[in-house]
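Everything below concerns the one structure shown next.
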Amino acid sequence: MKDVAALASVSLWTVSNAFSHPERIASSTRERVLGAAASLGYAGPNPLARSLASGRTGVVALVAAGAAEPLLADPAAGLVARGLIHACDRAGVSVLFTGRADGAAVDGWVLLRDASIAPSLTGPVVAVPE
C-alpha cells in the first residue's frame, strides 16, 4: 500500500478508502490510486488480513443434517436455504453450504466470494433438520 500511495501521491488513508470506501474520496483520486495499484500489481486488501483485523470473515454456514443436495429439493427446507443464500448475497456475505452425518461432512460445496477465508469461518451456523 505504501508503494501505491507514493506512486499516486496520496496518503495510505486515501489508498485504503479507494478500495474499501470509494464514496469517501473523489472519483478522479480513486482512478489515480487504482491506476497506480494496477501498475504495481496490487490487487487490493487481502480478505484474510481484513478478517483478522476485524474479527469477522463475512461467511455464514448452512449445515444440513444429512447430505446437502436433497436439502434444496425439500420444499420447506429449500425455501429456507435459498432465502438465506439470497439474503447473504445481497448483504455481501458468503455462504458455506454442507451436509453432515455422524459429525462428519458427507458432501458439500462452498459458495464463497474468496475461498481463502473458509478456514476462519465466523458467524451463525444454521442447522436444517433432515
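Every test in (1) within 21 Å of the chain's Cα centre (by Cα); (2) not in a helix (DSSP H, G or I) is passed by residue 10 save one, and that test is (1).
For the range 8-39, which residues satisfy the criterion of being closer than 19 Å to residue 54 by Cα and touching a Ser or Thr at 6+ places or on another chain (Cβ under 8 Å)? If the condition is that a residue be closer than 19 Å to residue 54 by Cα and touching a Ser or Thr at 6+ places or on another chain (Cβ under 8 Å), then 18 is the only one that fits.
Here residue 18 clears all of (1) farther than 27 Å from residue 93 by Cβ; (2) surrounded by 14 or more Cβ atoms within 10 Å (Cβ to Cβ) except the condition numbered (1). For the criterion of being modelled with pLDDT under 65, outside any loop (DSSP other than H, G, I, E, B) and either loosely packed, with under 11 Cβ neighbours inside 10 Å or not aromatic (Phe, Trp, Tyr) (or both), residue 126 passes.
Elements of the type helices (runs of 4 or more DSSP H) sitting completely within the range 27-111 and holding at least 2 residues that are modelled with pLDDT under 80 and under 30 Å from residue 16 (Cα atoms): these cover 47-54.
The values are calculated or read from the model by the stated rules, or taken from the named source; none is laboratory data. Everything numeric here is computed off the predicted structure, so don't read it as measured data. Here the Cβ is made from the backbone with ideal geometry for all residues, glycine too, and neighbour counts use every protein chain on show.
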